[in-house]
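One structure coming up, written as structure tokens, with questions to follow.
The values are calculated or read from the model by the stated rules, or taken from the named source; none is laboratory data. Just so it is clear, the model here is predicted, and its values are computed rather than measured. Glycine also receives a Cβ, built like all others from the backbone with ideal geometry; neighbour counts cover every protein chain displayed.
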Amino acid sequence: MIATIQYNSKKLQIDLSKPLDISIPLRASTNNVNAWYLDQPKIEPVKDGEWVASVADGADVNFNNIWFNPHAH
């Protein structure tokens, strides 16, 4: 679907069937996008006693708690 948008004196055509992905992955790292001087996001596997919800630790699935601020990360 083609959309035509008039902006100031210009007409712009946009093909809505070809979107651009502008998403940014969220990582628990200081290299992550960050604003407002907040600490980095935190991503940790759920723990229940000695069981750790991480495939790397032998679980069947990865099941994480994720702490982040949508306005900063």
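Mind listing whichever residues of the stretch 27-73 are among the basic types (Lys, Arg) and within 16 Å of the chain's Cα centre (by Cα)?
Within the stretch 27-73, Arg27, Lys42 qualify.
Could we say that Val55 is surrounded by 10 or more Cβ atoms within 10 Å (Cβ to Cβ) and free of Cβ contacts under 8 Å to residues at least 40 places away in the same chain here?
Spelling it out, Val55 is indeed surrounded by 10 or more Cβ atoms within 10 Å (Cβ to Cβ) and free of Cβ contacts under 8 Å to residues at least 40 places away in the same chain.
Across the stretch 14-71, what is the total count of residues that are among the hydroxyl-bearing types (Ser, Thr, Tyr) and within 30 Å of Met1 (Cα to Cα)?
The number of residues fulfilling the criteria is 2.
Somewhere in the stretch 32-52, is a residue modelled with pLDDT of 95 or more, surrounded by 12 or more Cβ atoms within 10 Å (Cβ to Cβ) and among the charged types (D, E, K, R)?
So far as the stretch 32-52 goes, yes, one or more of its residues are modelled with pLDDT of 95 or more, surrounded by 12 or more Cβ atoms within 10 Å (Cβ to Cβ) and among the charged types (D, E, K, R).
Do any residues in the stretch 12-25 that are on the phi < 0 side of the Ramachandran plot and exposed (fewer than 10 other Cβ atoms within 10 Å of the Cβ) have Cβ atoms under 8 Å from those of residues that are at pLDDT 95 or above and of a type in the set (Ser, Thr, Tyr), where the two are at least six apart or on different chains, and which pairs are they?
From the stretch 12-25, the pairs are Leu12/Thr4; Gln13/Thr4.
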